[in-house]
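What follows is one structure encoded as structure tokens, with my remarks underneath.
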């Protein structure tokens, strides 16, 4: 099945293309306008983008909204993860703000809501989570976003998400878990 991925994020597109095989992830056409991510939950934001892509293309669409939640910050940055340090903040600026505001060793979770929407209105949302702790400083040059300071609980070493391989990351990441949950649902939905 072809799945139009409602994102302009090249990192996410590469990750989902690998994780959703044997389905084919199709790039979002340049002329499709996505709604603002102004929902209160990851699921609301993902559904809004998937609905817009399905309506504009007439094809099955998927979209995710994902981010990081910090126990020490009462769940922030949450749905504002990409804009934590401001509307046009870079990954580095967002990470620096998290490292300033949350103590090293505090609990974190990556969360990914992945929405599936058909042109005729069928909708399904799955969620993936990866728990971990905040490193004292960024390490590694893989991954993106908050990966350099995220120490996953699912590893028995002290490597951040930015220090593990793409295959290791896919096995434990929030996006990997959401993708596997969607694949499982698709196989049962037939």
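What follows draws every value from the coordinates through simple rules; no lab data is involved. This one's a predicted model, so the numbers in the text were calculated from it and none came from an experiment. Every residue, glycine as well, gets a Cβ built from its backbone with ideal geometry; the counts of neighbours run over all protein chains shown.
Worth pointing out:
- Counting 0.36 nm for each residue step from residue 38 to residue 107 and taking away their Cα separation leaves a gain of 22.3 nm.
- Helix 91-101 and the long axis of the chain differ in direction by around 50°, with both axes built from C-alpha atoms.
- With a simple spin-label model that places each label point 7 Å from the Cα along the Cα-to-Cβ direction, the separation between residue 122 and residue 90 comes to 4.4 nm.
- Segment 105-124 and segment 138-190: distance between their alpha carbon centers, rounded to Å: 15 Å
- Among 76, 100, 177, the largest mean-square fluctuation in a Gaussian network model of the chain (Cα springs under 10 Å) belongs to 100.
- If you plug the beta carbon distance of residue 158 and residue 30 into 1/(1 + (r/R0)^6) with R0 = 45 Å, you get a FRET efficiency near 0.60.
- Computed [θ] at 222 nm, helices only, for the chain once each DSSP H run of length n ≥ 4 contributes -39500 (n - 2.57): -10000 deg cm²/dmol
- Comparing mean-square fluctuations of 148, 119, 36 from a GNM of the chain with C-alpha springs under 10 Å, the top value falls on 36.
- Efficiency of FRET from Cβ geometry, residue 11 and residue 83, R₀ 25 Å, rounded to 0.05: 0.90
- Annotation: extensible slack from residue 2 through residue 71 equals 21.1 nm (criterion: 0.36 nm per residue apart, minus Cα-Cα distance).
- Alpha carbon convex hull of segment 80-187, volume per residue in cubic angstrom: 116 Å³
- If R0 equals 25 Å, the separation of the Cβ atoms of residue 100 and residue 144 corresponds to a calculated FRET efficiency of about 0.80.
- The long axis of helix 10-19 is offset from the longest Cα principal axis of the chain by roughly 70 degrees.
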